[in-house]
1. Counting pairwise Cα distances across region 5-96, what percent come out greater than 24 angstrom?
2. Listed highest first by mean packing, meaning other Cβ atoms within 10 Å per residue, what order do 91-98, 104-111, 125-132 come in?
3. Could you calculate the contour length gain from residue 87 to residue 59, that is, 0.36 nm times the residue separation minus the distance between their Cα atoms, to one decimal place in nm?
4. Give a residue-ordered list of calculated ³J(HN,Hα) values for region 45-62 (Karplus: 6.51 cos²θ - 1.76 cosθ + 1.60, θ = phi - 60°; whole Hz; x for Gly, Pro).
5. Amide H to amide H under 5 Å from residue 62: which residues, 5+ apart in sequence or cross-chain, H placed 1.01 Å off N in plane?
6. Using only the alpha carbons of region 72-129, determine the length spanned along each of the three principal axes and report them from longest to shortest in whole angstroms.
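Nothing in this text is a laboratory measurement; each read-out follows from the coordinates by a stated rule. Given the structure is predicted, the values throughout are model-derived calculations rather than measurements. For neighbour counting, all protein chains shown are included, and Cβ atoms are generated from backbone atoms with ideal geometry for every residue, glycine included.
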Amino acid sequence: MEEVRKEQEAKAEGAAKLPVVEVLQKAWRTVLIGVFALATATGGYYVVTSFLLSYGTGDLHLSESMLLNGLTLAAFLELLVTPWLSWLADRVGPHKVVIAGLVGVIVLAVPQFMVLGTGSVFLIWLMMLAMRLVMSALYGGDTTATGRTGRAVRPRH
């Protein structure tokens, strides 16, 4: 019954006939940033984990345990910083945090793989941590941004 009442209220308020069109008209920037952030966060995650591990062990003959330990440290860093980055996105705006994360991924992508060639455990782990930090901005900021998308297009009373 509650759902029926809410649907009737929405119809009375003049709810959009095609909500997706309204979202794309009013919040297209948020949608675009969200799409790129999600694609980078999801695809980038596999590049900096699976492909990095395969490339590092197969082509560069690096120690699998060294790379797995670095990835574990990076995952732990992500666990710690993602809530803080979500909080930061609430304070300064999710778009700023997500865009900073996207820029960070672009800046660090090539150097991360270049560092693998040095064989330096310290540099490899440092780059893994740095990359996971900027990728966390995509997760933390994106959840805030997508949460705001709905509020951005709802009618105000």
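1. Working: 2131 of 4186 pairs.
In whole percent, the long-distance tail amounts to 51.
2. Numbers: 91-98: 18.9, 104-111: 15.1, 125-132: 20.5.
Highest mean packing first, the order is 125-132, 91-98, 104-111.
3. 6.1 nm
4. 4, 5, 5, 7, 10, 4, 5, 4, 5, 5, 5, x, 7, x, 8, 9, 6, 7
5. HN-HN under 5 Å from residue 62: 57.
6. Over region 72-129, Cα extents along the principal axes are 39, 22, 11 Å.
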